[in-house]
Structures are given as C-alpha cells and as structure tokens.
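Just below is one structure, and these are the notes that go with it.
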Amino acid sequence: MRVLVPVVKVNDKLFLSPHFGRAPGFAVYEVQGSEIANVQYVDNPYRNPEEHSGHGRMILNLVSSFKPEAVIVRSIGEGAFYRLKSLGARIYRSTDRLADEAVLKLVRNELEELQAPVEEHEH
C-alpha cells in the first residue's frame with residue numbers, strides 16, 4: 001500500500017505537518033503487510049501560496065503523481081480532500097507527531113478515516 005503524509009523533516013525524522021498544502025514536504029511510504037518497506041521524502045516547492053499562483057492545483061498534481069492509496073493528515077481543506085478522494089485515496093486523521101508512528105497506526109487500523117475535510121486553525 002502506498003501512503004502519503006505531509007511532513008516537516010528535521011534531521012532524519014519526519015514529523016506530521018499541521019497543514020497539508022503548506023507542508024515543507026511529503027513522505028511517500030510503501031507498506032508491505034504490517035511493515036514500512038520504504039520511505040521517500042519529496043520537497044513541496046509550492047508550499048508558499050504568495051509565490052505561486054494556483055499553488056493548490058500544483059500541490060495536488062504533485063501528490064497525485066505518487067498515486068497514494070491512503071493519505072494521513074492532521075488537517076486538510078476542502079479542495080485537497082475532495083480531489084484526493086476523487087483519485088480513490090482514503091484519507092485518515094492522526095494527531096501523532098512522528099509520521100512513522102501514524103503510518104504504523106494506519107496499518108493496525110487505529111486511525112479514523114475522514115468523511116469530510118477537517119481544518120485546524122492556529123491562534
């Protein structure tokens with residue numbers, strides 16, 4: 001199974017990003033059985049909306065190219081949520097800090113599948 005996670009990379013650790021579209025990067029996990037077989041980190045060149053007109057569309061084109069079967073997020077807006085759903089991806093919510101932990105919880109069926117977008121707003 002291919003799993004996509006928006007992340008913040010700090011040294012060799014991948015942390016779940018609080019925002020899907022503004023994540024500094026994405027981790028693409030290949031899961032086989034109950035184990036992580038491979039992880040690929042990809043920079044998000046479109047994370048700054050003020051620098052890119054249509055940045056949401058460009059981000060979705062980028063992540064769509066990985067053909068994820070599942071996406072794990074902390075929050076996700078309407079546009080990204082419905083576009084990913086239309087591609088057949090199942091979207092799950094996690095409050096874990098480390099992306100690896102969230103992926104392993106997905107494998108163990110411990111994450112909630114989202115039926116609608118959910119956005120967290122920082123104050």
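Taking only Cα atoms, what is the 0 to 90° angle, nearest 10, from helix 55-64's long axis to the longest principal axis of the chain?
Tilt of helix 55-64: around 30 degrees.
In a Debye calculation with equal point scatterers on the alpha-carbon sites of the stretch 1-83 and no solvent, what is log10 I(q)/I(0) at q = 0.16, 0.20, 0.24, 0.27 Å⁻¹?
So the normalised log intensities are -0.57, -0.89, -1.24, -1.49.
Find the accessible area per residue for the stretch 9-123; the probe is 1.4 Å, ligands and nucleic acids are left out, and the unit is Å².
58
What are the trypsin sites (Lys or Arg not before Pro) within the stretch 1-92 that DSSP puts in a loop, where the Cβ has at most 16 other Cβ atoms within 10 Å?
Numbers: sites: Arg2, Lys9, Lys13, Arg22, Arg47, Arg57, Arg74, Arg83, Lys85, Arg90; in loops: Arg22, Arg47, Arg74.
Here the sparse-neighbourhood loop sites are Arg22.
Using a 1.4 Å probe on the protein chains only, how many percent of the accessible area of the chain belongs to carbon and sulfur?
44
Report the calculated FRET efficiency for Glu101 and Glu30 (r = Cβ-Cβ distance, R0 = 25 Å), to the nearest 0.05. Could the numbers behind the result be given before it?
On the way: r = 17 Å, r/R0 = 0.67.
Calculated transfer efficiency: 0.90.
Give the residues of the stretch 73-94 whose amide nitrogen is closer than 19 Å to a point set 7 Å from the Cα of Arg57 in the direction of its Cβ.
From the stretch 73-94, the list is 77-87.
Given charges of +1 on the Cβ of Lys and Arg and -1 on the Cβ of Asp and Glu, with all other atoms neutral, how large is the dipole of the chain about its Cα centre, in debye to the nearest 20?
The calculation lands at about 240 debye.
What relative contact order, as a whole-number percentage, does the chain give when Cα pairs under 8 Å and 6 or more residues apart are counted?
Result for the chain is 26 percent.
Please name which of Thr95, Ser65, Asn109 has its Cα lying farthest along the dipole of the chain towards the positive end, using unit charges on Cβ (Lys, Arg +1; Asp, Glu -1) and the Cα centre as origin.
Ser65
The values are calculated or read from the model by the stated rules, or taken from the named source; none is laboratory data. Computed from a prediction, not measured in an experiment: that's the story for all the values here. With ideal geometry, Cβ positions are generated from the backbone for all residues, glycine too; neighbour counts draw on all protein chains shown. The protein model used for the area step is the full one, side chains on, heavy atoms only, and it has no ligands, DNA or RNA in it. Shrake-Rupley method; radii C 1.70, N 1.55, O 1.52, S 1.80 Å.
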